[in-house]
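Following: one structure in structure tokens, then a few remarks.
Please treat every number below as a calculation from the coordinates, not as lab data. This is a predicted model, so every value here is computed, not measured. Every residue, glycine as well, gets a Cβ built from its backbone with ideal geometry; the counts of neighbours run over all protein chains shown.
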Amino acid sequence: MGNLVEAIASLRGKRVLLTGDTGFKGSWLALWLLEAGAEVYGYALPPLRPEDHFNLLGLRHRLHHCDGDIRDRPQLSQFFQEAQPEFVFHLAAQALVRASYQDPQTTFDTNIGGSVNLLECVRETASVRTLIYVTSDKCYRNQEWLWGYRENDPLGGRDPYSASKAAAEIVFAAYGDSFFATRPDFGYGAVRAGNVIGGGDWSSDRLVPDCFRSLSANQTLLLRHPQATRPWQHVLEPLSGYLTLAIALSEHPKQFSGAWNFGPQAEANRTVAALAQGIIEQWGSGAIAIAPQDSPWHEAGLLHLNCDKAHHQLGWRSRWDFNRTVAETVDWYRAFSTGAAVTHKSIEQIQRYLETVDD
Ligand SMILES: NC(=O)c1ccc[n+]([C@@H]2O[C@H](COP(=O)([O-])OP(=O)(O)OC[C@H]3O[C@@H](n4cnc5c(N)ncnc54)[C@H](O)[C@@H]3O)[C@@H](O)[C@H]2O)c1
């Protein structure tokens, strides 16, 4: 991992296609790839809000972006044919647990059907040599136990989102066994990360965006599940894992193909209340209260990942601890709140992250 800077530099001039580039993680990955000098192609639904990171960074004008639906196989296929990518990162998804309860069908169509479309496009596009397929830590059958989930633990999901991600994993494994294992010079990884936080996320029903919306309006933040524990990690952490894996796969495709966890250090497994409190302390003001339990929907209570495989085989490990993660997140939203140009802030954070990797 010490040579992540060098490894990422090897993407200069490479054709990289990512789905979900208008989203939170996708916009950061697109920026990182552009900074590395890659030729980036993005496919996703249009950004939802003017303040979305994709818009703030002006990504529509910096990469080859197509507004498209992952469920539209002909359009996706056409985009693959135009892009002729060597690397593919699949991030497009209906990514919210509560939205999956409200509209399970869209969640399943997007996260399973859309992923099948993506895999078919990869299958029919000979230029693709490396596939990173993003699912979630929620793909594991949650046993509410203390131990971290390993890549070979059983999959499952009580809520539609988690089930859709577990199903997407099973589909991925079937494509691997049926088609990809014998494809020459082709590497493929399914990647599972924890709860990602950082600047530029404005999704509804996520703690950090809810927090900053409340803070900037001087309102009390209402917490739904204050005692739920999550593996909080800065967005650059899993992205560094995806990039590390992509480069390893491009060099040794068969050795590294398979499933990978990219979670935070164990000390970052904190409660929702602890994260909200940490943000308020860094911000310098704010108050929290417990929301009435108005929802009949189940949300996982305890969940964390064992990342020994990524550590031992890829040399990857999480670099920013909980306090640093909170500090960098608050730093970004503070810059945004003062009207500063966030492109500069986001690039500065990527550079700071790379400096810690080289420590
Ligand atoms: N944010 C997290 O904490 C987290 C944790 C684990 C896994 N993940 C996974 O990481 C990936 C990215 O998550 P995110 O946080 O950036 O989500 P996000 O909601 O910010 O972005 C989702 C992206 O997918 C696109 N998308 C959604 N439906 C689509 C469709 N039908 N057709 C084309 N594009 C579509 C959106 O336009 C957007 O670009 C997802 O696969 C998500 O499940 C996220």
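Considering region 88-199, its Cα convex hull presents a mean projected area of 8.0 nm². Counting beta carbons within 10 Å around each of Tyr175, Tyr149 and listing the fewest first gives the order Tyr175, Tyr149. Grouping the Cα pair distances of region 141-205 into 10 Å bins from zero gives a pair-distance distribution of 15, 39, 32, 13, 1 percent in increasing distance order. Mind checking the log10 I(q)/I(0) for the chain at q = 0.11, 0.12, 0.13 Å⁻¹? Debye, one equal scatterer per Cα, no solvent, two decimals. Normalising to I(0) and taking log10 leaves -0.69, -0.84, -1.01.
Amide H contacts under 5 Å for Gly42: Leu18, His64, His65, Cys66, restricted to partners 5 or more places along the chain or on a different chain, H placed in the peptide plane at 1.01 Å from N.
Legend: translational diffusion of region 203-309 by Stokes-Einstein, Rh = Kirkwood radius over C-alpha pairs, 4 °C, 1.567 mPa s; D = 81 µm²/s.
Expressed per residue, the C-alpha convex hull volume of region 160-242 stands at 121 Å³.
Using the Cβ of Ile347 as centre and a radius below 15 Å, the other residues enclosed give a net charge of -2, where K and R count +1 and D and E count -1. Just so you know, the Rg over Rh for region 176-220 is 1.39, from Cα atoms, with Rh as the Kirkwood radius. Each principal axis of the Cα cloud of region 37-105 was evaluated for its coordinate range; sorted largest first, these ranges are 38, 29, 17 Å. Pairs of lysine residues in region 4-357 that meet both criteria, 8 or more places apart or on different chains and Cα atoms under 23 Å apart, total 10. Across the alpha-carbon atoms of region 299-359, the computed radius of gyration and Dmax are 15.1, 42 angstrom.
Once backbone amide H atoms are built at 1.01 Å from N, Ile288 has Leu221 as its partners under 5 Å, excluding neighbours fewer than 5 places away on the same chain. Within the shell of other residues whose beta carbon sits under 14 angstrom from the beta carbon of Arg334, the net charge comes to -3, with Lys and Arg scored +1 and Asp and Glu -1.
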